[in-house]
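Asker: First, the structure itself, so that you have it in front of you.
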Amino acid sequence: MKYMGSKRSMLTNGLGEALAAELQNARRFADLFTGSGAVAWHVATRWHAPVVATDLQQYAVSLADAVVARDVPVNSEEVLQTWIESAGSLVRASSQYHDAKRLQKALAATEDIEAIAKEARLISAEKTCGPTQRAYGGYYFSPLQALWIDALRTSLPKKQAERAVALAALIQASSRIAASPGHTAQPFKPNNTAGPFLIESWSKNVLDAIWLSFSEIGQQSALRKGIAARMDAEEMAGNLAEGDLAFIDPPYSAVHYSRFYHVLETVARGHHIEVSGTGRYPSRELRPESDFSIKTRAADALRRLLAKLSDVGARAIVTFPVEQCSNGLSGGDVAEIADQYFVLERKVVSSRFSTLGGNLVNRAARQNGKELILILDPK
């Protein structure tokens, strides 16, 4: 999955060792900014401490829920095939199907990317189109891709565990095929420079991505059932207690993460939204905001969160880039704040991370850097 803030690589580079050491005696594990769900899945499938995964965005909660809330595998090809067949019936019954299929076949031979993108947007503008197609057809997805995504969202299996795996697979698949550079702040433009990448993305098969994601997610399950919930990190911290271990990987960008993952949020929610701008964003009031992404509030937000965890007696692991980030915080700042409430153990590891809108050094999409891992014990 294209998730720029994922901690998956760090799990084999210091973070996994820190988690293993601290989870030995943990009563419960709380992933307070679960994001892609990589850390929540890692812990749930390896340790008996139940996982509580929280985030402000529904797509993140849905991803985490697909594994942490289930203690048996969901790997039935019959379930997957039935789901796809149900969605296929909706796709073929759609009034856009024949035009979308014709345009899909024309992608490989097109020499006029701008013209085909214009036609794709017209196909996707009909009032009968589903939420993904209306908002993103002709931009992040081809009309046929978007038609399939909406049909798969409508046809999710009824049983809770199967539905959770299917929804997470759909979110992952949408991320994998989206015509955008690693996140969905903006789609590739239909011009000579980015146009070939647009066509390449639009040519990807939704069902291939679904099969891959469903199989990967379904075969994983928690050793003990946990929960995933849409909740503010500070609120969740107040529900923890002595013996709990919190994992804190807060935002480090001055741009709200909802700007980068609004497409996944639309897929997760499955509701029509009004969009605008080059990124096809929903209105600001529909996009979750975090104090951690507001430069004048980030330090206070971290201070409140750590104070709350210290008050309840919970231990914590914090990760943050060493260098100063665009939300005004650096790894040193995070350590200095944490030192007010906890006894610290520090470790610095190499990392490759997204600037998510740029840091104070440059605006490259991804760059090598250093990541600080803090092990926190209440004073």
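Asker: Of the residues Leu212, Leu302, only one is assigned to a helix (DSSP H, G or I) and either open to solvent by 80 Å² or more (accessible area, probe 1.4 Å) or without any contact (Cβ under 8 Å) to a residue 40 or more places away in the chain (or both); which?
Answerer: Leu212
Asker: Any residue at all in segment 184-191 that's touching a helix residue (DSSP H, G or I) at 6+ places or on another chain (Cβ under 8 Å), free of Cβ contacts under 8 Å to residues at least 12 places away in the same chain and surrounded by fewer than 19 Cβ atoms within 10 Å (Cβ to Cβ)?
Answerer: Checking segment 184-191: at least one residue is touching a helix residue (DSSP H, G or I) at 6+ places or on another chain (Cβ under 8 Å), free of Cβ contacts under 8 Å to residues at least 12 places away in the same chain and surrounded by fewer than 19 Cβ atoms within 10 Å (Cβ to Cβ).
Asker: State the number of residues belonging to segment 90-110 that are within 28 Å of Gly218 (Cβ to Cβ) and exposed (fewer than 11 other Cβ atoms within 10 Å of the Cβ).
Answerer: Final tally of qualifying residues: 1.
Asker: Of the conditions (1) within 21 Å of the chain's Cα centre (by Cα); (2) touching a residue at least 12 places away in the same chain (Cβ under 8 Å), Pro143 clears all except one; give me its number.
Answerer: Among (1) within 21 Å of the chain's Cα centre (by Cα); (2) touching a residue at least 12 places away in the same chain (Cβ under 8 Å), Pro143 violates only (1).
Asker: Taking segment 198-257 only, how many residues are polar (S, T, N, Q) and touching a Cys at 6+ places or on another chain (Cβ under 8 Å)?
Answerer: 1
Asker: Being more than 30 Å from Arg303 (Cα to Cα) and touching a Leu at 6+ places or on another chain (Cβ under 7 Å), is that true of even one residue in segment 213-231?
Answerer: Checking segment 213-231: at least one residue is more than 30 Å from Arg303 (Cα to Cα) and touching a Leu at 6+ places or on another chain (Cβ under 7 Å).
Asker: Kindly provide the set of residues from segment 267-281 that are surrounded by 14 or more Cβ atoms within 10 Å (Cβ to Cβ) and without any contact (Cβ under 8 Å) to a residue 24 or more places away in the chain, ordered by number.
Answerer: Answer for segment 267-281, where residues must be surrounded by 14 or more Cβ atoms within 10 Å (Cβ to Cβ) and without any contact (Cβ under 8 Å) to a residue 24 or more places away in the chain: just Tyr281.
Asker: I need a count of the residues in segment 36-64 that are surrounded by fewer than 24 Cβ atoms within 10 Å (Cβ to Cβ), among the aromatic types (Phe, Trp, Tyr) and within 12 Å of the chain's Cα centre (by Cα).
Answerer: Residues that pass the stated criteria total 0.
Asker: In addition: Assigned to a loop (DSSP other than H, G, I, E, B) and either more than 29 Å from the chain's Cα centre (by Cα) or over 15 Å from Leu152 (Cβ atoms) (or both): does that describe Val67?
Answerer: Judged against the criteria, Val67 is not a match.
Asker: Take the conditions among the β-branched types (Val, Ile, Thr), surrounded by fewer than 16 Cβ atoms within 10 Å (Cβ to Cβ), in contact with a helix residue (DSSP H, G or I) (Cβ under 9 Å, 6 or more places away or on another chain) and in contact (Cβ under 8 Å) with a residue 24 or more places away in the chain and apply them to Ile227. Does it pass?
Answerer: When the stated conditions are applied, Ile227 passes them.
Asker: Can you name the residue in segment 151-160 that is assigned to a helix (DSSP H, G or I) and touching a residue at least 40 places away in the same chain (Cβ under 8 Å) and, of all such residues, is most open to solvent (accessible area, probe 1.4 Å)?
Answerer: Thr154
Asker: Okay, moving on. Give segment 312-328 a look and list any residue that's among the aliphatic types (A, V, I, L, M), within 19 Å of Lys347 (Cβ to Cβ) and open to solvent by 10 Å² or more (accessible area, probe 1.4 Å), or say none.
Answerer: Result: Val322, single match.
Asker: Consider Ser95 carefully, then state whether it is at pLDDT 95 or above and either more than 21 Å from Phe141 (Cα to Cα) or hydroxyl-bearing (Ser, Thr, Tyr) (or both).
Answerer: Taking the combined requirement at face value, the residue satisfies it.
Asker: Starting from residues that are at pLDDT below 95 and of a type in the set (Gly, Ala, Ser), keep the ones in segment 239-257 and report whichever is most open to solvent (accessible area, probe 1.4 Å).
Answerer: Once the filter is applied, the top-ranked residue is Ala254.
The values are calculated or read from the model by the stated rules, or taken from the named source; none is laboratory data. Because the structure is predicted, anything quoted here is derived from the model rather than measured. Counting neighbours? That spans all protein chains shown, and the Cβs are built from the backbone with ideal geometry, glycine included. Side chains are part of the model used for accessible areas, which takes the heavy atoms of the whole protein and leaves out ligands, DNA and RNA. Shrake-Rupley method; radii C 1.70, N 1.55, O 1.52, S 1.80 Å.
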